[in-house]
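A short reminder: the numbers here are calculations on the coordinates, not readings from a lab. Since we're looking at a predicted model, the values are computed, not measured. Here the Cβ positions follow ideal geometry from the backbone for every residue, glycine too, while neighbour counts run over all protein chains shown.
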Amino acid sequence: MMSAKRIAPRLIQRLPGVRGSLEENLDLARFTWFKVGGPAEVLFRPTDADDLGKFLAAKPADVAVTVIGAASNLLVRDGGVAGVVIRVGRGFADIAVDGDEITAGAGAADINVARRARDAGLAGLEFMVGIPGTVGGALTMNAGAYGREMADVVVSAEAIGADGEQHRLTAAELGFSYRHSTAAGNWIFTAARLRGVPGDVADIERRMAEIQAERETTQPIKTPTGGSTFRNPHGVKAWQLIEQAGCCGLQRGGAVVSGKHSNFLVNVGGANASDLEELGEEIRRRVEAETGVVLEWEIHRIGTTAEGAPEEVPS
Ligand SMILES: Cc1cc2nc3c(=O)[nH]c(=O)nc-3n(C[C@H](O)[C@H](O)[C@H](O)COP(=O)(O)OP(=O)(O)OC[C@H]3O[C@@H](n4cnc5c(N)ncnc54)[C@H](O)[C@@H]3O)c2cc1C
């Protein structure tokens, strides 16, 4: 007699119980700033660090984990992301002030941290007002603007390892460099301690307003985008090379090189992730041919293409 074929259990059936939510096949385009991307096989939204730690300690070792914050620096490919996508969001959004230090959850929006620092009369964190991500994303990317970056304000970070254990990393252990932290990829950040310097609330407010006004004129912040597409090569701005290579206005499907800032790609409607990625690769080819410089992606690309091409480790 022939034996019955065994059906593998769905991923969600193999995962430990959590206090937060576990959802199957959830479309990630609704979370990404680009408004593109396929589904997460399972999306986990932990309630707090304890929920996250217990999940990581108990999940089967072969289950891949990908972390997202506000997805403002992410291109999620059209085939989606296999394994568990962990969204560090609402459960990690607390912000507290103690003297000249601010403790912010990794899911807190950078803009809220800047506003809270202003209200407490703490200067030095104004740059965060214009970065549309979370504190966790900002730690990972050493996010910065207008001459300041996270490396200038971070005292320490709370993080959870693959075994579910919670750790505190000093600023030195975070290994910050231009738009990069050496700790990124090994840890899930749950909170950060940041330091400001006492300042005048009206001056801080004025600086934040200047930053926001400048961004509105220089960046396509009202159109779906992923921020700077490529890292600035040493000593030169990526946007200058892109313009030199004649890429202004270049288009693929609904993906266009922004007319406001040529290092930003925008989804003007109907773009999918492959349009955006192929447009980015076209820019890289043209810039290399024209200038000899090989641009490196700043945007992290995750997941598989609609054709199921293999996942790539984020750059
Ligand atoms: C309009 C616009 C303007 C921008 N301007 C700037 C700018 O001026 N300066 C700048 O630096 N960036 C800028 N960016 C890019 C982006 O906002 C930053 O890189 C931001 O810090 C990303 O945060 P996020 O929460 O969106 O991270 P995501 O995009 O969700 O993730 C980015 C990376 O961080 C990782 N990550 C996220 N959260 C965690 C966590 N809790 N623990 C571990 N890893 C985590 C992800 O795995 C991924 O590798 C801009 C983006 C847009 C859309």
Checklist outcome for this item: The local net charge around A40, scoring Lys/Arg +1 and Asp/Glu -1 for residues other than A40 whose Cβ lies under 9 Å from its Cβ, equals -3
Checklist outcome for this item: If unit charges are put on Cβ atoms (+1 for Lys and Arg, -1 for Asp and Glu) and the dipole of segment 11-90 is taken about its Cα centre, the option from L15, S72, V36 lying farthest towards the positive end turns out to be S72
Checklist outcome for this item: For segment 115-128, in residue order, the Karplus 3J(HN,Hα) values (coefficients 6.51, -1.76, 1.60; θ = phi - 60°; whole Hz; Gly and Pro = x) are 5, 5, 5, 4, 4, 8, x, 10, 8, x, 10, 4, 4, 5
Checklist outcome for this item: Quick note, the chain: a/c under 1.5 would make it rounded; otherwise a/b > b/c is prolate and the rest oblate (a ≥ b ≥ c, C-alpha gyration tensor); here it is oblate
Next on the checklist: Could you derive backbone 3J(HN,Hα) for segment 219-228 from the dihedral phi with the Karplus parameters 6.51, -1.76 and 1.60 (θ = phi - 60°), listing whole Hz in sequence and x where the residue is Gly or Pro?
Outcome noted: 10, x, 6, 9, 10, x, 8, x, x, 4
Next on the checklist: Please list, in order along segment 68-73, the HN-Hα scalar couplings obtained from phi with the Karplus expression 6.51 cos²θ - 1.76 cosθ + 1.60 (θ = phi - 60°), rounded to whole Hz, x for Gly and Pro.
Outcome noted: 10, x, 7, 6, 9, 10
Checklist entry - Each label point is 7 Å from the Cα along the Cα-to-Cβ direction; what then is the distance between the points at E165 and I111, in nm? => result 3.9 nm
Checklist outcome for this item: At q = 0.15, 0.16, 0.19, 0.23 1/Å the base-10 log of I(q)/I(0) from the Debye formula over the alpha-carbon atoms of segment 222-302 is -0.44, -0.50, -0.72, -1.06
Item to check | Debye log10 I(q)/I(0) for segment 11-127, one point scatterer per Cα, at q = 0.10, 0.22 Å⁻¹ | outcome: -0.37, -1.15
Next on the checklist: Please compute the contact order of the chain in relative form: average sequence separation of alpha-carbon pairs under 8 Å and at least six residues apart, divided by the residue count, as a percent.
Outcome noted: 17 percent
Next on the checklist: If you average the C-alpha positions of segment 259-311 and of segment 146-197 separately, how far apart do those two centres end up, in angstrom?
Outcome noted: 28 Å
Checklist entry - If you bin every alpha carbon distance in segment 195-242 into 5 Å steps from zero, what whole percent lands in each bin? => result 4, 16, 15, 17, 16, 15, 12, 4, 0
Item to check | Where only alpha carbons of segment 120-181 are counted, the Rg and the Dmax (Å) | outcome: 12.3, 39
Checklist entry - Which residue, chosen from H180, T217, L194, occupies the Cα position most advanced towards the positive end of the dipole of segment 107-224, where the dipole is computed from +1 (Lys, Arg) and -1 (Asp, Glu) charges on Cβ about the Cα centre? => result T217
Checklist outcome for this item: Scoring only Lys, Arg, Asp and Glu (+1, +1, -1, -1) among other residues with Cβ under 12 Å from the Cβ of I160 yields -4
Next on the checklist: If every alpha-carbon in segment 158-315 counts as one equal scatterer, what log10 I(q)/I(0) does Debye give at q = 0.13 1/Å?
Outcome noted: -0.83
Next on the checklist: If you average the C-alpha positions of segment 15-59 and of segment 64-86 separately, how far apart do those two centres end up, in angstrom?
Outcome noted: 10 Å
Checklist entry - Size of the dipole of the chain about the Cα centre, Lys and Arg at +1 and Asp and Glu at -1 on the beta carbon, nothing else charged, in debye to 20? => result 600 debye
Checklist entry - Could the peptides 71-77, 211-217, 296-302 be put in order, highest first, of the mean number of other beta-carbon atoms found within 10 Å of their residues? => result 71-77, 296-302, 211-217
Item to check | Cubic angstrom per residue, convex hull over Cα atoms of segment 80-207 | outcome: 109 Å³
Checklist entry - Which far-off residues, 5 or more places away or on another chain, put their amide H under 5 Å from the one on I86, with H placed in the peptide plane? => result F44, T66, V67, I68
Checklist entry - Non-local amide H neighbours of D78 (under 5 Å, H modeled in plane, Pro and chain starts lacking H): which ones? => result G38, A273, S274, A306
Item to check | CD proxy at 222 nm, helix term only [per DSSP H run n ≥ 4: -39500 (n - 2.57); per residue of the chain; nearest 500] | outcome: -7000 deg cm²/dmol
Checklist entry - What residues of segment 180-195 lie in the reach of a label at K54, counting those whose backbone N is under 20 Å from a point 7 Å from the Cα along Cα→Cβ? => result 188-191
